[in-house]
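Trainee: Okay, handing you the structure first.
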Amino acid sequence: MSKIFSCSDSTTAIINEVKNNRIVGISGGRLEVRAKLKDVEDLKNKSNIIAQSTYNHPATELAIIYDENNYTYEDAKEEIINSYDKLNP
């Protein structure tokens, strides 16, 4: 199961988690998630980390951040949605 961060979590912590575990999500309101996703994109310095997509889940907005050497977008999206759903039944 992948870690799902909130928008109030540290951008550095999010980047460190994706470097260590190859995939993370961010959950929250649409504008806040997209702002945090932009912060991650601006601060990452590893070119194989993708931090550009969100998914409009029925309960939240989810950012999908992953290492493209380990995941396709579709696989990453599925992993983050499943992780969120397990954490929020």
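The values are calculated or read from the model by the stated rules, or taken from the named source; none is laboratory data. Values in this document were obtained by computation on a predicted structure and should not be read as measured data. Here the Cβ positions follow ideal geometry from the backbone for every residue, glycine too, while neighbour counts run over all protein chains shown.
Trainee: Among the residues in segment 28-38, are any β-branched (Val, Ile, Thr), within 21 Å of GLU78 (Cβ to Cβ) and in contact with a helix residue (DSSP H, G or I) (Cβ under 9 Å, 6 or more places away or on another chain)? Walk me through how you get there before you give the answer.
Mentor: So the first thing to find is which residues in segment 28-38 are β-branched (Val, Ile, Thr), and the list is 33.
If we keep only those that are within 21 Å of GLU78 (Cβ to Cβ) as well, we get 33.
Those left that are additionally in contact with a helix residue (DSSP H, G or I) (Cβ under 9 Å, 6 or more places away or on another chain): none.
No, segment 28-38 contains no residue that is β-branched (Val, Ile, Thr), within 21 Å of GLU78 (Cβ to Cβ) and in contact with a helix residue (DSSP H, G or I) (Cβ under 9 Å, 6 or more places away or on another chain).
Trainee: Further question: Can you spot a residue in segment 39-54 that is at pLDDT 95 or above and closer than 12 Å to ILE80 by Cβ?
Mentor: Yes, segment 39-54 contains at least one residue that is at pLDDT 95 or above and closer than 12 Å to ILE80 by Cβ.
Trainee: Can I ask one more? Have a look at ILE64, ILE81 and point out the one that is in contact with a Lys or Arg (Cβ under 7 Å, 6 or more places away or on another chain) and not polar (S, T, N, Q).
Mentor: Working: ILE81 fails: in contact with a Lys or Arg (Cβ under 7 Å, 6 or more places away or on another chain).
Unique residue meeting the criteria: ILE64.
Trainee: Could I ask something else about it? Across segment 1-57, what is the number of residues that are more than 18 Å from ASN88 (Cβ to Cβ) and assigned to a loop (DSSP other than H, G, I, E, B)?
Mentor: 7
Trainee: Within segment 46-66, is there a residue that is more than 11 Å from the chain's Cα centre (by Cα) and among the basic types (Lys, Arg)?
Mentor: To start, the set of residues in segment 46-66 that are more than 11 Å from the chain's Cα centre (by Cα) comprises 46-48, 56-60.
Checking which are among the basic types (Lys, Arg) leaves us with 46.
Yes, there is a match, as at least one residue in segment 46-66 is more than 11 Å from the chain's Cα centre (by Cα) and among the basic types (Lys, Arg).
Trainee: I'd like the full set of residues that are under 13 Å from the mean Cα position of the chain (by Cα) and aliphatic (A, V, I, L, M), limited to segment 67-89.
Mentor: Listed by number, the residues that qualify are ALA76, ILE80, ILE81.
Trainee: Now for a separate question. Tell me, which residue of segment 1-36 that is more than 19 Å from GLU68 (Cβ to Cβ) and touching a residue at least 40 places away in the same chain (Cβ under 8 Å) is farthest from the chain's Cα centre (by Cα)?
Mentor: Top of the filtered list is MET1.
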